[in-house]
Amino acid sequence: MRKLIFLVGVVLLFGVSASAQGVGDSRIDLFGGYTFDHTSPGIAVSSFNSNGGVGSVALNFTSWGSLVVEAGGIHATHIGGADVDATAMTYLAGPKISLFHRSPLSPFGEVLVGFAHTNPGFNQTATDHNNFALSPGVGLDWNASRHFGIRLAQVDYLWMRVPTQTNQVNWNNFRYSTGILFRF
């Protein structure tokens, strides 16, 4: 265990020192914004929409490569014609590749992995659950200045493995996010 911790520390140390050699790029990107989510459960419940928010921190190791940590939450009040109090929180991390990082428009792609925490209203069971989540996606940032930008669009496929009253099913989600960026 000590060797693993030592190895992770060495990798992070060299990664940070390599990123410090970049020319004028931001080291950290902070994003916060609105999220629209369209969920298609893999069960007899009809598709539904939910709204929420998302925030992320990207540690930029190069002008094109970043490590992203993201947390988001969505809430729905109607599922399958019934009034519910349904909430899901996602906690994800993974790599992000940005193209044309210094230009006014910067497209990116990312693959985030983590878990989703759902309450009983969301998965229609009696208890809260933590479920595996995977979210590949693409987006487009408008860089208004060196330290400020607007995420015009981030479009993700969010796959979650959700327990139901009888078994586990795959929930397929389309997620659209937009918001503001601060760069340091």
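Read the figures in this text as sums done on the coordinates, not as results from a lab. This one's a predicted model, so the numbers in the text were calculated from it and none came from an experiment. Methodologically, a virtual Cβ is constructed for each residue, glycine included, from the backbone with ideal geometry; neighbour enumeration extends over all protein chains shown.
The table below lists the values:
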quantity	calculated
Alpha-carbon centroids, segment 134-177 and segment 35-100: separation in whole Å	5
Ranked list, fewest to most other Cβ atoms within 10 Å of each Cβ, for ILE79, ILE74, ILE28	ILE28, ILE79, ILE74
Amide H contacts of ILE28 (H built 1.01 Å from N, under 5 Å, at least 5 apart or other chain)	ASN60, PHE184
Compactness of segment 25-183 - radius of gyration and Dmax, Cα, Å	16.4, 52
Peptide ranges 167-178, 102-113 listed from the most packed, as the mean C-beta count within 10 angstrom indicates	167-178, 102-113
Packing-based exposure ordering (other Cβ within 10 Å, fewest first) of THR90, THR62	THR62, THR90
